[in-house]
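Presented below is the structure to which this report refers.
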Amino acid sequence: MGVKMVKGLFSSWTGMVNEQKRLDVITNNLANAATTGYKKDGVSNQSFNNLLTYKIKDMSESYTDKKIGKMSLGVKIGEVYTDYNQGSLRSTGNTFDFAIEGKGFFNVSTADKDGNQVLKYTRDGSFTMNQDGKLVDVNGNTLMGEGGEITIPNDTADVKVDESGRIYADGVYVDKIKLTDFTDYKYLKKQGDSFYLPLEGATAQDSTAGIQQGYTEQSNVNVITEMTSMIAITRAYEANQKVIQTIDGTLDLAANSVGKV
């Protein structure tokens, strides 16, 4: 009985740790509900691998080792995944705000700590034009076109971008915004809240998505759904707490009361 109760403590503890990790993911989603281009994360649960238990050094079995059966050790996080479904588009009226309609990512370039250029991918299309005429995001990453870094002449009075991503400055063609898609998003690693890096095995392909100028894509976080999940997680956490308290009380009774008889 004591072994079963101690196992119950461990199983409840794994349940509490699991719910805490799930809560961390949901909290991050809620914190980024207003982040442009953010894709929410989700989490799956799985049980620990079953272990084969033995009865050993038991006098009732003539001190012969005997198989008892399989025992589960509780629950753990299976996988943290990203939901890449498109968020809603919001009109901003800003010339250098772009939203992708369909599958694909903007290509942005940034320098690493060694000064080497690194290509990142994002759905956040909020850009501004710096003093050099380059389109950059709030972190200073440069938007890439098919011809390299996009540069708009400083004396341009009007910039238009059509649905295919072609940029025209005062009616003169400048470049086309480069969009990249991937055959399998499982080979993408999230960096920060809005950027993605390809892992080994990632296969890039051209995107057929369209671009809307003067719009940004909002996060795909449903605040109501996330809050509902948070309530369910809290209740599951409290249930595991009560199990631990119950077992602790039983063990205390066995050690301090029954043991005195």
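Read-outs: derived from the displayed coordinates by stated rules, not from any lab. Bear in mind that the values here come from a model prediction, so they are computed numbers and not experimental data. Positions of Cβ are backbone-derived with ideal geometry, glycine not excepted, and every protein chain shown enters the neighbour counts.
A simple charge model with +1 on the Cβ of Lys and Arg, -1 on the Cβ of Asp and Glu and nothing else charged puts the dipole of the stretch 89-217 at about 340 debye relative to its Cα centre. Overall dimensions of the stretch 89-217, expressed as equivalent-ellipsoid semi-axes from the Cα gyration tensor (√(5λ), whole Å, largest first), are 24, 17, 13. The angle between the Cα long axis of helix 223-256 and the longest principal axis of the Cα atoms of the chain comes to about 20 degrees, rounded to the nearest 10. Comparing 34, 157, 99 in a Gaussian network model of the chain, where Cα atoms under 10 Å apart are tied by springs, the biggest mean-square fluctuation is seen for 157.
Only DSSP H runs of four or more residues enter the estimate; each adds -39500 (n - 2.57), and after division by the residues of the chain the mean residue ellipticity at 222 nm equals -9000 deg cm²/dmol. Helix 2-31 and the longest principal axis of the Cα set of the chain meet at an angle near 10°.
Note that the chain, at 37 °C in a medium of 0.692 mPa s, gets a Stokes-Einstein diffusion coefficient of 146 µm²/s from its Kirkwood radius over C-alpha pairs.
Residues of the stretch 90-120 with an amide N closer than 19 Å to a point placed 7 Å from the Cα of residue 132 along the Cα-to-Cβ direction: 107-120. Listed cross-link partners 120/186; 103/186; 40/176; 103/190 are compared with a 20 Å cut-off, the Cα-Cα value being larger for 40/176.
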